[in-house]
Amino acid sequence: EMKNVAAYLLAVLGGNNNPSEADLKKILEAASANVDNEAISKVVSELSGKDVYQVMDEGANKLTAVPTGGRASGGASGS
């Protein structure tokens, strides 16, 4: 869930470069959010030891390569 990733990023922005599960739980509880221990464990295990700024850059680069699927329109046509 995005709230778990957001809590991880808040911890990093706050100066904790390697947040633990307990850190994320504390942030989520302070925001009165539901705590899902399994989801928190997954986020911590996936991001632990990684530079989150580099991870975000890599994700942004992947998004730019995804086609948006829209077709350019030549304008409105009327009868």
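Values in this text are rule-based calculations from the coordinates and carry no lab data. Here the structure is a predicted model, which means the values were calculated and not measured. No Cβ is skipped: glycine too gets one built from the backbone with ideal geometry, and neighbour counts run over all protein chains shown.
Note on LYS42 and LYS26: the extension gain reaches 4.1 nm, defined as 0.36 nm multiplied by sequence separation minus the Cα-Cα distance. Reachable lysines from LYS25, Cα under 23 Å, same-chain residues fewer than 8 places away excluded? Leaving aside lysines fewer than 8 places away in the same chain, those within reach of LYS25 are LYS3, LYS42, LYS50. Helix 2-13 and the long axis of the chain differ in direction by around 60°, with both axes built from C-alpha atoms.
Once C-alpha pairs closer than 8 Å and six or more residues apart are averaged by separation and normalised to the residue number of the chain, the relative contact order reads 27 percent. Scaled against the 2.2 N^0.38 Å expected of a compact globular protein of N residues, the Cα radius of gyration of the chain reads 1.61.
Tally Lys/Arg at +1 and Asp/Glu at -1 over every other residue whose Cβ is under 13 Å from the Cβ of SER41; what's the total?
Its environment carries a net charge of -4.
For the range 1-36, backbone nitrogen atoms closer than 12 Å to the point 7 Å from MET56 Cα along Cα-to-C-beta are found at 6-14.
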